[in-house]
Amino acid sequence: MFKIKFDEISKKRIEQKLNVEESANPQIVLCACKEDIEEDKINLVFTMDQLESLSENILFSSQVKKKTLSGRTYRGMVNIEIQDIDLIQAYGNEVYTKIQDTRVDFSLKLYQLLEKLEPLGFIRISKSEIVNIAAVEAIASGFNGKLILTLRNNQEVEVNRSFKKEFLKSIES
């Protein structure tokens, strides 16, 4: 799946850090300069100084794609992919999300879900809501210093003033 166009020492380091191996029919080319780019392939051009950052981004992407959460629907227990979650809400002792108009209830408390999901791009926006930063399509100013978020499912939610600073900090990084 990969072709690594680096010197032998760097190649070994890349293979270990990214947990990849070269293959006979690669789809992705890892290279250090534009001259090594191959047509009809996915090319990642980076320096060895950027290897750590690349490793973290690849790991983050693979975690989000493979992670699931267990919940309950009217049909029983289900596993939902984390990347499909836009918003998690709490009302009283109930913690839930909606996936394609189907309510999924969680047995964990909101703070427990946040602990699991924060490294995957989720952030608290109010006392009773957690949002997936990847699901935010637009941000607008609201009344009294609040922010209005438009999610990919066209739902609008408010970021309360006490959570605004932390939210803005998280989307900048």
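Summary of computed values
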| item | result |
| --- | --- |
| Neighbourhood charge, 14 Å Cβ-Cβ cut-off, centred on Pro26 and excluding it, Lys, Arg +1 and Asp, Glu -1 | -3 |
| Radius 14 Å from Cβ of Thr73, net charge of other residues (Lys, Arg +1; Asp, Glu -1) | 0 |
| Cβ-based net charge around Asn154, under 11 Å, with every Lys or Arg adding one and every Asp or Glu removing one | -2 |
| Taking Glu35, Glu94 and counting other C-beta atoms within 10 Å, the order from fewest to most | Glu35, Glu94 |
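Computed from the coordinates by the stated procedures, all read-outs in this text should not be read as laboratory data. Nothing here was measured: the structure is a model prediction, and the numbers come from that model. All Cβ positions, glycine included, derive from the backbone under ideal geometry; neighbour counts span all protein chains shown.
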